[in-house]
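Comments concern the structure below.
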Amino acid sequence: MEVPPVNRSPIILDSDPGLDDAVALQYLLGTGLWDLKAFTAVAGNVPLDHTYRNARALTRALRIDGDVPVYRGVGRTLSRISPDSGGFHGENGLGDEIIPDSTAPHQTESAVQAILRLSKEYEGELTLVATGPLTNVAAALIEDPDLARRLKKLVFMGGAVHTGNITPVAEFNVWADPEATDIVVTSGAPYTMVGLDATHAWRFTQGDLDTLVAAGPGQELTANLMRHYLKSYDVNAGQPDCPLHDPLAVGVAADESFVTAADGTIVVECASELTRGQTVFLPADEARTYAYSDAIKARTLQTGRVALGKGPRNFSAHFTENLLRWPSA
Ligand SMILES: [Ca+2]
């Protein structure tokens with residue numbers, strides 16, 4: 001495997017695999033930019049037992065189970081007992097692909113303990129990318145609020161400034177655990193929200209699938225996962241191609257030019273039955289023009305970066321190129 005001569009930065013990937021989580025991991029490895037310190041599983045697309053097992057199986061399939069420990073996350077969300085994506089990712093979360101579990105020993109540390117430990121070992125250097133509900137990250141911040149200032153960067157796939165996917169106003173990851181998201185965006189951590197406004201702008205097409213198929217056996221698993229993902233978007237949303245939600249969050253962690261982004265505040269709706277999980281974006285440069293309450297004005301002191309659409313650098317092409325650089329076993 002050819003790895004480019006760069007100083008690879010320490011990163012944790014926290015996810016709920018999940019079809020796009022699976023390829024986000026493969027893409028991360030393919031970029032050669034990151035030193036993956038931990039792969040942590042959280043409940044989301046499917047329950048934790050499945051996401052944890054899938055995470056382990058993926059490290060085996062991608063030949064990193066000897067190097068990258070997998071940690072089991074928090075057993076339920078802060079907000080909802082059991083989110084699930086209604087079979088969108090298949091019953092097992094990986095499009096019903098049967099891939100063998102890793103033979104690596106199970107870790108005695110929890111995901112929260114591993115996140116906190118690594119944030120101390122790599123203080124000021126560690127990037128944390130979350131591609132599932134933010135339950136693990138919020139639990140780590142509850143346990144030790146100083147985590148927020150030890151992270152170099154926190155990028156999460158979730159939220160929607162304009163239009164949701166699980167409800168008209170809410171994106172799945174945030175809807176699944178809005179309280180956790182609220183804890184993250186008020187923590188003081190240097191966060192970037194990569195939501196549907198940006199992820200819907202970068203697509204994976206049948207042509208991209210053909211490229212994976214043509215690459216042969218090392219991309220067979222990936223092609224099967226993406227074929228299922230394309231089919232889910234076709235059947236459930238009537239879309240002939242699919243958004244690159246989770247991979248884009250990994251991409252933005254290295255290069256924000258895949259998206260256009262602005263500074264501002266995210267406020268998460270946690271109370272309403274109808275709009276629960278909505279992420280309201282308060283742009284920093286318009287903060288003075290709105291009639292915010294004092295409580296909301298206080299919130300505007302805490303800002304992050306919010307992706308609002310596609311950027312100048314082509315993420316779709318970059319994504320497939322880098323998948324090809326990390327074939328599976
Ligand atoms: Ca995910």
Among the candidates Glu97, Glu125, Glu109, single out the residue that is in contact with a Leu (Cβ under 8 Å, 6 or more places away or on another chain) and among the acidic types (Asp, Glu). Glu97
State whether one or more residues within the stretch 255-273 are surrounded by fewer than 17 Cβ atoms within 10 Å (Cβ to Cβ), of a type in the set (Phe, Trp, Tyr) and either within 25 Å of Trp202 (Cβ to Cβ) or at pLDDT below 95 (or both). no
Just wondering, is there one or more residues in the stretch 17-37 that are at pLDDT 95 or above, among the basic types (Lys, Arg) and more than 19 Å from the chain's Cα centre (by Cα)? no
Return the residues of the stretch 229-241 that are surrounded by 24 or more Cβ atoms within 10 Å (Cβ to Cβ) and not aromatic (Phe, Trp, Tyr); say none if nothing qualifies. none
Screening Arg276, Arg288 for residues that are touching a Pro at 6+ places or on another chain (Cβ under 8 Å) and either closer than 26 Å to Gly188 by Cα or at pLDDT 95 or above (or both) leaves only Arg276
Considering only residues that are away from the ligand (no atom under 16 Å from the Cβ) and hydroxyl-bearing (Ser, Thr, Tyr), look in the stretch 99-133 and name the one that is nearest to Asp84 (Cα to Cα). Ser110
Subset of the stretch 166-213 that is in contact with a Leu (Cβ under 6 Å, 6 or more places away or on another chain) and polar (S, T, N, Q) - its residue that is surrounded by the most Cβ atoms within 10 Å (Cβ to Cβ): Thr181
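A quick yes/no check of all residues on (1) under 23 Å from Ala24 (Cα atoms); (2) in contact (Cβ under 8 Å) with a residue 24 or more places away in the chain; (3) touching a Ser or Thr at 6+ places or on another chain (Cβ under 6 Å):
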{"site": "Pro145", "(1), (2), (3)": "no, yes, no"}
{"site": "Leu154", "(1), (2), (3)": "yes, yes, no"}
{"site": "Asn165", "(1), (2), (3)": "yes, yes, no"}
{"site": "Val169", "(1), (2), (3)": "no, yes, yes"}
{"site": "Trp175", "(1), (2), (3)": "yes, yes, no"}
Take the residues in the stretch 46-63 that are of a type in the set (S, T, N, Q) and within 16 Å of the chain's Cα centre (by Cα), then tell me which one is nearest to Ala140 (Cα to Cα). Thr51
Scan the stretch 64-83 and give yes if some residue there is more than 17 Å from the chain's Cα centre (by Cα), more than 16 Å from the ligand (Cβ to nearest atom), free of Cβ contacts under 8 Å to residues at least 24 places away in the same chain and over 23 Å from Glu125 (Cβ atoms), otherwise no. yes
Can you name every residue in the stretch 285-308 that is surrounded by 15 or more Cβ atoms within 10 Å (Cβ to Cβ), out of contact with any helix residue (DSSP H, G or I) (no Cβ under 6 Å at 6 or more places or on another chain) and among the small types (Gly, Ala, Ser)? Ala287, Gly304
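The values are calculated or read from the model by the stated rules, or taken from the named source; none is laboratory data. Only a predicted model underlies this, so the values are computations on that prediction, with no experimental measurement involved. Cβ atoms come from the backbone with ideal geometry, glycine included; neighbour counts cover every protein chain shown.
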